[in-house]
Amino acid sequence: MDRRTIREGAGRLAMALGLGMSLGVSLGMAPLALAEEGIRGSLDGEARQWYILRHGDDSNASFTDLGGLYAVDLVGFVEPDAWGTREALSISLTLMGEEVTEFDVVHLIGHSALPPVYTSEAAEITLTLEAFEVRGPVARVAGRVVGTLALQRVLGEPPSLEEGIAIDVRFETEAERVEF
């Protein structure tokens, strides 16, 4: 397993750093068992948990494979059986080959995806990808997000790190392949 780290600060994406062995991407085998699926950690110093919800073929953990470019989207909800936008946590990342090239973290405050929201844009966030393994239609994704999310009060205005909140969460889930 490999640890890939990427940092973002003051609205700029910094370079991806790879440490250790190469990131595993394999095809055609059953997915590995997960310790415990979801997103857990602390937000603004408070212990929190977000659930990855599934219904039939629909999942709030998905990925697309565009020939070596992977886009992964995880959305965790505070209720284990309800798709409620309020307090949801979204983690999106893009991998080119084995490198994380960009990511976005958004904590929804209200009942929609519109501001006010806490965001990784113009924030001090580190995302460490600990595992990304594709096996058939499923990808195991695990990692950690640490830092300070910035508050964006109004759409179109820049987020404020001065009004940010601390985040330290781990995520581990199986993402479903989205086919076009």
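Observations on the model:
- Of the candidates THR85, THR94, THR119, THR173, the single residue that is farther than 15 Å from SER62 by Cα, among the polar types (S, T, N, Q) and modelled with pLDDT of 95 or more is THR119.
- Output for the range 109-127, where each listed residue is open to solvent by 20 Å² or more (accessible area, probe 1.4 Å) and either acidic (Asp, Glu) or under 15 Å from the mean Cα position of the chain (by Cα) (or both): TYR118, GLU121, GLU124, THR126
- The residue list GLU102, GLU87, GLU121, GLU98 contains one member that is over 19 Å from ALA131 (Cβ atoms), touching a residue at least 40 places away in the same chain (Cβ under 8 Å) and among the charged types (D, E, K, R), which is GLU121.
- Residue check: GLU102 meets all listed conditions (1) modelled with pLDDT of 95 or more; (2) crowded, with 17+ Cβ neighbours inside 10 Å but one, namely (2).
- Residues that are farther than 25 Å from ARG48 by Cβ and either in contact with a strand residue (DSSP E or B) (Cβ under 6 Å, 6 or more places away or on another chain) or assigned to a loop (DSSP other than H, G, I, E, B) (or both) within the range 127-154 comprise GLU133, GLY136, PRO137, VAL138, VAL154, listed in sequence order.
The values are calculated or read from the model by the stated rules, or taken from the named source; none is laboratory data. This is a predicted model, so every value here is computed, not measured. Note that we place each Cβ from the backbone using ideal geometry, even for glycine, and neighbour counts take in every protein chain shown. Heads up: the accessible areas ignore ligands, DNA and RNA and are worked out on the full protein's heavy atoms, side chains in. Shrake-Rupley method; radii C 1.70, N 1.55, O 1.52, S 1.80 Å.
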